[in-house]
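Student: Pasting a structure below so you can have a look.
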Amino acid sequence: MSLPYGQPIKVAQNIKRITCNNPSPLTGAGTNSFLVGTSDLALVDPGPIDDVHCQAIMDALEKDQRISHILVTHSHLDHSPLAARVASITGAKVHAFGDSTTGRSDVMSALTQTDILKQGEGVDHQFAPDVRLNDGQVIEHAGWRITAHHTPGHFANHMSFAVGDVELCGDLIMAWATSLVAPPDGDLTQFITSCEQTRTRAALRLLPAHGEAIEDPQKRIEWLISHRMERTKQIIRTLEAGPQAPKELTQQIYSDINPNLWSAAEQNVLAHLIDLMTKKRVSPEGILSIQSKFRLLEKIPS
C-alpha cells in the first residue's frame, strides 16, 4: 500500500486528504490528515511532529482559505502532537474528547497501577485540547457541519467525526489491518460497542486515519466483529486445558506468526481476557496483570 505523501487528494465532497510520510507496521502507509470545508477549514488529525507534513498542510490551503478548527481523533503520537504547532500558526483551537486518560474504564485505570505496558503507537502525554467535545456534539462553521462521536476501543479518548454521509473514523476501523487494541488504552469491550454503534449510524463511506477509504462499511465492520469473536473462542478453547497467562496463550494461538510480533499479540490477548473477565467468563489469579494466569469460569459454545 502506497499513498502520495504531502499532496492534497480529494476523497469526498469538500474533504481533502494529506498523508504524512511516517509509514510503519502500525501506521500502514502513514497518517492521514483531512481538511474539511471550502473557506474556513477543519483540520482533522494534524499528525506527528513532522516539519515536512506541517508545511504540506499549510501549502494545501488555497487562496482565501484558512484553518479555523483543529479536531483530533485520539492522542497517539502519530495523530495529535502536530496540533499545538498548527494551532500556534493559525490561531485555531484544538478540539477533542479529552486528554490521554479521558474515557478510560475503571478496569483499565486499575491496570495502570499494576503494569507498565507498551502503549501501541505511543501516547501523547502532553496532549490537552482547548475544547473538550461531548459524544454527539455538533460543530458547525462556515458551511460545514461535523458531528463528533465518542468511539473508544483503540484508545480511550478516541472520537470519529461524521460529515454528511461520510465518517472520519480515525483508527477505529481500517481496510488494510485490524485496529490495535492494547490495554490500558485499548479496551475490547469498548471497541466492540464502538464498532456496533458505527454500524448503526450507517455512513456510506469511512475515511480512516491510515490507508484508503472503506467503501462498504457494513461488510468491514461485520468482519471485524466476527474476527474478534472468533479470537475470543480460540482463547476460551485454549483455557480449557487449565489456567494460563497471556504470554502462554499467545504462543499457542499465534504460533504461526513471527515471534518478534508476540509482544503486540500478547497485549491483544490481554484485551480479550479483560473483556471476558468483565463478562464473568474468566478470572485472573490474584491482582489483574499481564503476568496473571487466567482461569476459565464458563464455557461458551464452539
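The values are calculated or read from the model by the stated rules, or taken from the named source; none is laboratory data. Note that this is a predicted model, so its numbers are computed, not measured. Quick reminder, even Gly has a Cβ in these numbers, built from the backbone with ideal geometry, and neighbours come from all protein chains shown.
Student: Looking at the range 252-282 only, could you name the residues that are more than 20 Å from H154 (Cα to Cα) and buried (at least 16 other Cβ atoms within 10 Å of the Cβ)?
Tutor: If the condition is that a residue be more than 20 Å from H154 (Cα to Cα) and buried (at least 16 other Cβ atoms within 10 Å of the Cβ), then I253, Y254, R281, V282 are the ones that fit.
Student: A further question follows. Quick check: is even one residue across the range 200-222 over 18 Å from the mean Cα position of the chain (by Cα), over 30 Å from K16 (Cβ atoms) and modelled with pLDDT of 95 or more?
Tutor: No, the conditions are met nowhere in the range 200-222.
Student: With respect to D78, determine if the residue is on the phi < 0 side of the Ramachandran plot, buried (at least 19 other Cβ atoms within 10 Å of the Cβ) and out of contact with any Phe, Trp or Tyr (no Cβ under 8 Å at 6 or more places or on another chain).
Tutor: Here the answer is yes, as D78 does meet what is asked.
Student: Can you list residue pairs whose Cβ atoms sit under 7 Å apart, with the first residue in the range 267-290 being more than 18 Å from S109 (Cβ to Cβ) and the second being crowded, with 23+ Cβ neighbours inside 10 Å and not hydrophobic (A, V, I, L, M, F, W, C)? Count only pairs 6 or more apart in sequence or on different chains.
Tutor: Partner pairs satisfying both residue conditions: V269/P246; V269/T250.
Student: Further, regarding this structure: Out of the range 199-223, which residues are touching a helix residue (DSSP H, G or I) at 6+ places or on another chain (Cβ under 6 Å), of a type outside the set (G, A, S) and in contact (Cβ under 8 Å) with a residue 40 or more places away in the chain?
Tutor: Selection gives L206, I214, I221.
Student: Got a sec? Which strands (runs of 3 or more DSSP E) wholly within the range 93-170 have at least 1 residues that are more than 27 Å from T200 (Cβ to Cβ) and of a type in the set (D, E, K, R)?
Tutor: 93-96
Student: Next question. Against the condition assigned to a loop (DSSP other than H, G, I, E, B), of a type in the set (A, V, I, L, M), modelled with pLDDT under 95 and outside the structural domain of G103 (by TED's automatic domain parsing), how does L3 come out, does it pass? Quick ask: steps written out before the conclusion?
Tutor: Details: assigned to a loop (DSSP other than H, G, I, E, B): yes; of a type in the set (A, V, I, L, M): yes; modelled with pLDDT under 95: yes; outside the structural domain of G103 (by TED's automatic domain parsing): yes.
The answer is yes for L3.
Student: A further question on this structure: Does T73 meet the test of being buried (at least 17 other Cβ atoms within 10 Å of the Cβ), out of contact with any Phe, Trp or Tyr (no Cβ under 9 Å at 6 or more places or on another chain) and assigned by TED's automatic domain parsing to the domain that holds I89?
Tutor: It is false that T73 is buried (at least 17 other Cβ atoms within 10 Å of the Cβ), out of contact with any Phe, Trp or Tyr (no Cβ under 9 Å at 6 or more places or on another chain) and assigned by TED's automatic domain parsing to the domain that holds I89.
Student: Shifting gears a bit: How many residues, within the range 1-43, are crowded, with 19+ Cβ neighbours inside 10 Å and of a type in the set (S, T, Y)?
Tutor: 4
Student: Restrict the check to the range 105-114 and report whether at least one residue is in contact (Cβ under 8 Å) with a residue 24 or more places away in the chain and out of contact with any Ser or Thr (no Cβ under 9 Å at 6 or more places or on another chain).
Tutor: yes
Student: So which residues in the range 131-144 are surrounded by 13 or more Cβ atoms within 10 Å (Cβ to Cβ) and touching a residue at least 12 places away in the same chain (Cβ under 8 Å), if there are any at all?
Tutor: V131, R132, L133, D135, I139, H141, A142, W144
Every residue, every condition in (1) outside the structural domain of H154 (by TED's automatic domain parsing); (2) assigned to a loop (DSSP other than H, G, I, E, B); (3) surrounded by 18 or more Cβ atoms within 10 Å (Cβ to Cβ), yes or no:
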position	(1), (2), (3)
A177	no, yes, no
Q190	no, no, yes
T193	no, no, no
H210	no, yes, yes
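Student: Give me the residue from the range 224-251 that is hydrophobic (A, V, I, L, M, F, W, C) and without any contact (Cβ under 8 Å) to a residue 60 or more places away in the chain and, out of that set, surrounded by the fewest Cβ atoms within 10 Å (Cβ to Cβ).
Tutor: Quick first cut of the range 224-251, residues hydrophobic (A, V, I, L, M, F, W, C) only: 224-225, 229, 235-236, 239, 241, 245, 249.
Restricting the remaining residues to those that are without any contact (Cβ under 8 Å) to a residue 60 or more places away in the chain gives 224-225, 229, 235, 239, 241, 245, 249.
Details: L224: 20, I225: 15, M229: 13, I235: 23, L239: 22, A241: 10, A245: 19, L249: 22.
It comes out as A241.
Student: In the range 53-93, which residues are of a type in the set (S, T, Y) and in contact with a Lys or Arg (Cβ under 7 Å, 6 or more places away or on another chain)?
Tutor: Selection gives T90 alone.
Student: Quick one: would you say T151 is touching a residue at least 40 places away in the same chain (Cβ under 8 Å), touching a Leu at 6+ places or on another chain (Cβ under 6 Å) and in the same structural domain as A92 (by TED's automatic domain parsing)?
Tutor: So T151 fits the description; yes.
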